[in-house]
Amino acid sequence: MSRFNVLYLTSELYPMAKVGGLADVAGALPKVLKDLDHDIRVFIPKYRVIRDRKYNLREVIRLRDIEVPLGGETITISVKSGFVPDSKVQAYFLEYKPYFDRDDIYVDPATGKGFEDDAFRFALFSKAALEMLKVLYWQPDLVHVNDWPSAMLPYYLKTEYRDDPFFEKTRTLLTIHNLAYQGVFPPAVVTQVLSPDVKFDKSHPAWHHGDFNFLRAGIVTADLITSVSPTYAEQILTPDHGAGLDDVLSEKRDKVFGVLNGIDTDVWNPETDGELAANYSSEDLSGKQACREKLIREMKLDPPENLLVGVVARLVTQKGYDLFVQAAERLLALPVNFVILGAGEPEVEKAIRELAKQHPGRIVARIAFDNALAHRIEAGADAFLMPSRYEPCGLNQMYSLRYGTPPIVHGTGGLADTVSEFDPASGTGNGFRFDEFSVDELVAAVDRAVRVSADQQQWKRLMLNGMKQDFSWTASATKLVEVYEHARQMVEA
Ligand code: ADP
């Protein structure tokens, strides 16, 4: 297998700056690629939460005061250097205080929405990456960008930097973690992010119904595209799941690949997890009982003999918790309790809060972002619920499988690729799956879980089926490198 030099752009990185699954992926995948001997380096904005001291970031004289041309202006940025924590993966941090030294990553605390100047912030991120590479004099084979915040980089490379011999052999790969987030801005941002001579009309890659769409620009101009599970990579080519971009994606269908996300098996390991009351493994499950008892006490769940179903999620429409709210009365007719950790859209938060108030002890909710509690729920719950409307990959179902907490899922996207229905007769399958997004089907799936749980031997079999699966990045990273090989072939062709 040949070796690749890769610059990996991400707007989130666990444990430094996490909002959702992208952070977990960015914190894990580069480490695995590095272990496979690729020279992969990460580039991320230096947000306020990424403290120099805590993460040992250093100034590099060469990377100070780099001039970045953007929208007819020149912005002077600096880049600091460090490592992805607990790894040998070099990371570069874009320092530009007016745009990144803020209390949040994406959400303006004043409005609860994205920052007004997001187009500019993230266009600068892409442009700064290219200018940094030139100063470093490091010519990657590939620039691997993720989601809309770095999707302008392939565009810049194909336009403003097209004749720059420095990038002659550099190809781009865009990974779509969630097609619903596209970075859509009013056309007025054109003057901030494009050079003054560029015309913004229907023929422009970012044009989408008159708006300026970062992700569209990336899709049209990237050499290769991946998404985070095989099923989702097919779904996004269809009008149902294409979020308005299925046409441009379909035009490039031979360049679109599905590579299932892996999980960080060091961070999510019940044998070593420091957040748990007790550790356990597939050989000795006794610690899981201690985790369960502690969670029940901590969250005041009652009655304790009920099947305890955990939820950890961003509480947004995508995740399908409105279906759970609709189904709640019927679900509570079954011997189940729910423990919910999540934060997100105010309406979904409110509905969950109200349910918890109406059913104390049966539905207990913590509306917050709490990493340690997420681990305790994965370990302490009996089963895990993910009724996502759509799910590009989903990580929590893989964490729960590893923690012996069988997932109950809507069979879409990555959930369909990782969860199979348990068959009591043959003892195969790792969870419970409903393929139609409806209250009836959700209730039926939870009911099947309750029935299987009544038989301890069956339930143990189910738990072990999941715990013995390998969801580490090792297999997926190899698939990804095969995609990288396509990029190399493009250069050679
Ligand atoms: P998404 O990226 O759509 O949010 P994923 O399942 O891919 O969904 O990843 C979500 C990640 O964020 C998981 O690591 C999950 O544990 C974590 N997470 C989500 N909400 C919370 C929360 N309220 N507290 C702690 N961790 C959370």
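The values are calculated or read from the model by the stated rules, or taken from the named source; none is laboratory data. Predicted model, so just to flag it, every value in this text is computed and none were measured. Methodologically, a virtual Cβ is constructed for each residue, glycine included, from the backbone with ideal geometry; neighbour enumeration extends over all protein chains shown. Only protein heavy atoms, including side chains, enter the accessible area calculation; ligands, DNA and RNA are left aside. Shrake-Rupley method; radii C 1.70, N 1.55, O 1.52, S 1.80 Å.
Surface exposure of the range 411-493, expressed per residue as accessible area with a 1.4 Å probe, stands at 47 Å². Starting from the Cα gyration tensor of the chain, take the square roots of the eigenvalues, sort them a ≥ b ≥ c, and report rounded, prolate or oblate (rounded when a/c is under 1.5, otherwise prolate if a/b is larger than b/c, else oblate). Prolate. Per residue, the range 344-397 exposes an accessible area of 38 Å² to a 1.4 Å probe, with every protein chain left in place.
Which FRET efficiency value, to the nearest 0.05, do you get for residue 457 and residue 73 by plugging their Cβ-Cβ distance into 1/(1 + (r/R0)^6) with R0 = 60 Å? With a Förster radius of 60 Å, E is 0.30.
DSSP finds beta bridges in the range 286-470, and of those with both partners inside it, around 5 percent are antiparallel. Subtracting the Cα-Cα distance of residue 198 and residue 271 from their residue separation scaled by 0.36 nm leaves 20.7 nm. Stretching residue 491 away from residue 101 to a fully extended chain increases their span by 136.6 nm, per 0.36 nm per residue minus the current alpha-carbon distance.
Computed over the chain, the per-residue total of -39500 (n - 2.57) for DSSP H runs of n ≥ 4 gives a 222 nm mean residue ellipticity of -11000 deg cm²/dmol, rounded to 500. Normalised by the number of residues in the chain, the mean separation of alpha-carbon contacts (under 8 Å, six or more apart) gives a relative contact order of 12 percent. Tell me the angle of helix 118-136 to the major Cα principal axis of the chain, expressed in degrees between 0 and 90 and rounded to the nearest ten. So the inclination is approximately 60 degrees. If both residues of a DSSP beta bridge must be in the chain, then about 30% of such bridges are antiparallel. Between amide H atoms placed 1.01 Å from N, distances below 5 Å from residue 408 occur with 384, 385, 386, 432, all of them 5 or more places distant or on a separate chain.
For residue 117 and residue 59, FRET efficiency with R0 = 35 Å and r from the beta-carbon atoms, rounded to 0.05? About 0.85, to the nearest 0.05. Relative to the dominant Cα principal axis of the chain, helix 473-492 is inclined by about 20°. The rule of thumb for compact globular proteins, 2.2 N^0.38 Å, goes into the C-alpha radius of gyration of the range 228-332 1.55 times. Accessible surface of the chain, 1.4 Å probe: 48 percent of it comes from carbon and sulfur atoms. Compute the distance in nm between two label points, each set 7 Å from the Cα along the Cα-to-Cβ direction, one at residue 329 and one at residue 371. Each label point is offset 7 Å from its Cα along the Cβ direction, giving 4.1 nm.
Just so you know, the Rg over Rh for the range 286-470 is 0.92, from Cα atoms, with Rh as the Kirkwood radius. Computed from Cα atoms, the angle from the helix 439-453 axis to the main principal axis of the chain rounds to 60 degrees. Packing here is the average count of other Cβ atoms within 10 Å per residue, and on that basis the peptides 228-237, 254-263, 341-350, highest first, run 228-237, 254-263, 341-350.
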